[in-house]
């Protein structure tokens with residue numbers, strides 16, 4: 001394939017990032033809603049054990065994530081670290097599927113999730129930077145990946161209803177295998193994935209972080225708001241099953257949340273720059289307080305649908321706002337480290353601690369565990385207030 005120049009290169013990079021995210025989210029659409037049920041029914045794990053298996057990688061992600069991101073920054077061609085990370089995740093999940101030991105499964109989950117948690121920020125960062133240089137709007141690339149998440153969650157819900165929860169782990173493996181195959185088949189002459197800019201050292205990024213009050217506040221606010229999804233990610237399927245909801249219905253509930261996420265990203269693909277990212281983070285916090293507070297009341301199915309639409313705020317708005325702040329504050333040469341740092345906070349240590357505690361909350365309070373998540377989101381909302389105050393104090397910034 002001939003080398004592309006100008007906008008064609010950026011569009012190719014947007015396309016490749018979208019395909020990579022699509023493959024990963026296709027598999028995660030099965031694992032996030034249904035893997036806890038497989039661990040409970042097929043492996044006999046308790047709520048606390050499920051929490052440990054799901055949270056291991058997140059708890060150490062604050063260390064492992066930036067290390068992997070900094071390692072990725074050493075390569076000019078981002079395909080190289082992505083290829084090896086995808087193989088690491090694939091091998092770990094294949095061994096995970098056949099293991100019955102709690103300790104072995106916790107270790108394998110850590111390896112696989114660590115690799116995936118490095119892949120997704122690199123793909124998202126590539127899509128975000130390409131969008132600024134003539135590629136697809138970030139919202140379009142990200143929404144394609146989210147659409148594949150819906151396909152995964154709905155399809156696997158129906159298959160689980162027919163064949164049992166064991167389908168979930170093999171669906172996850174198939175998504176990771178598709179991602180690995182795509183990465184290894186990319187032609188060497190076609191630099192479709194983002195290449196690094198002038199590379200810097202992780203210490204340079206650390207200095208930026210320590211000097212930027214805006215970045216610190218954004219990481220804290222977004223980290224807490226995203227961590228408030230922990231009970232939903234880990235145990236919503238289990239508590240909904242206690243209400244008698246079928247696996248297929250649960251798959252559609254997850255799809256409903258992701259559909260609104262897609263709608264938000266598509267809408268923002270044209271008007272994203274009209275809003276300061278600080279406002280997006282605050283909107284996510286406000287939506288999370290409402291969403292999880294209402295979910296703690298064990299609402300009926302009719303009320304779950306509108307609550308799921310708040311995912312557009314609790315995840316999508318907060319995620320987009322935080323991503324923009326991170327990549328505005330940190331130079332492109334440290335993009336891998338920057339994305340990993342954001343992921344380590346927003347989907348890492350804070351989320352891991354919240355998932356770990358969610359296992360105990362699920363065993364002790366059932367639906368009541370969501371109330372703790374509402375409190376966590378309120379704390380994140382509080383950190384977003386000084387972020388927005390900065391915007392209001394500077395008329396030159398978009399409101």
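Going residue by residue through region 350-357, is there one that turns out to be modelled with pLDDT of 85 or more and assigned to a helix (DSSP H, G or I)?
yes
Do we have residue 97 as out of contact with any helix residue (DSSP H, G or I) (no Cβ under 6 Å at 6 or more places or on another chain) and surrounded by fewer than 19 Cβ atoms within 10 Å (Cβ to Cβ) here?
Values: out of contact with any helix residue (DSSP H, G or I) (no Cβ under 6 Å at 6 or more places or on another chain): no; surrounded by fewer than 19 Cβ atoms within 10 Å (Cβ to Cβ): yes.
Spelling it out, it is not the case that residue 97 is out of contact with any helix residue (DSSP H, G or I) (no Cβ under 6 Å at 6 or more places or on another chain) and surrounded by fewer than 19 Cβ atoms within 10 Å (Cβ to Cβ).
Any idea which of 174, 153 is surrounded by fewer than 22 Cβ atoms within 10 Å (Cβ to Cβ) and either farther than 20 Å from residue 10 by Cβ or modelled with pLDDT under 90 (or both)?
Going through 174, 153 in turn, the sole match is 174.
Can you pull out every residue in region 42-63 that is in contact with a helix residue (DSSP H, G or I) (Cβ under 6 Å, 6 or more places away or on another chain), modelled with pLDDT under 80, over 11 Å from residue 356 (Cα atoms) and surrounded by fewer than 22 Cβ atoms within 10 Å (Cβ to Cβ)?
62
Which count do you get for residues in region 92-110 that are under 22 Å from the mean Cα position of the chain (by Cα) and farther than 17 Å from residue 170 by Cα?
Qualifying residue count, region 92-110: 3.
Being on the phi < 0 side of the Ramachandran plot, at pLDDT below 90, more than 17 Å from the chain's Cα centre (by Cα) and crowded, with 17+ Cβ neighbours inside 10 Å is true for just one of 279, 240, 252. Which residue is that?
Unique residue meeting the criteria: 252.
Taking region 292-310 as the search range and keeping residues that are over 19 Å from residue 251 (Cβ atoms) and assigned to a helix (DSSP H, G or I), which one is nearest to the chain's Cα centre (by Cα)? Explain how you work it out, then say what you get.
Initially, region 292-310 is screened for residues over 19 Å from residue 251 (Cβ atoms), giving 292-294, 296-298.
From what's left, assigned to a helix (DSSP H, G or I): 292-294.
Details: 292: 18, 293: 22, 294: 23 Å.
Across region 292-310, the extreme among qualifying residues is 292.
Is it fair to say residue 27 is under 18 Å from residue 174 (Cβ atoms) and either at pLDDT below 85 or assigned to a helix (DSSP H, G or I) (or both)? Outline the logic, then answer.
Values: under 18 Å from residue 174 (Cβ atoms): yes; either at pLDDT below 85 or assigned to a helix (DSSP H, G or I) (or both): yes.
When the stated conditions are applied, residue 27 passes them.
Return the only residue of 113, 123, 72, 127 being modelled with pLDDT under 90, within 19 Å of residue 352 (Cβ to Cβ) and crowded, with 21+ Cβ neighbours inside 10 Å. Step through it out loud before you land on a result.
Values: 123 fails: within 19 Å of residue 352 (Cβ to Cβ); 72 fails: within 19 Å of residue 352 (Cβ to Cβ); 127 fails: within 19 Å of residue 352 (Cβ to Cβ).
Result of the check over 113, 123, 72, 127: 113.
Pairs only if they're at least six apart or on different chains, beta carbon under 9 angstrom, first in region 133-146 and over 15 Å from residue 28 (Cβ atoms), second not in a helix (DSSP H, G or I); list them, first residue then second.
From residues that are over 15 Å from residue 28 (Cβ atoms), the pairs are 134/6; 141/135.
Give the residues of region 237-284 that are assigned to a loop (DSSP other than H, G, I, E, B) and free of Cβ contacts under 8 Å to residues at least 12 places away in the same chain, sorted by residue number.
244
The values are calculated or read from the model by the stated rules, or taken from the named source; none is laboratory data. As the structure is a computational prediction, the values presented were derived from the model and not from experiment. Backbone-built Cβ (ideal geometry, glycine too); neighbour counts: all protein chains shown.
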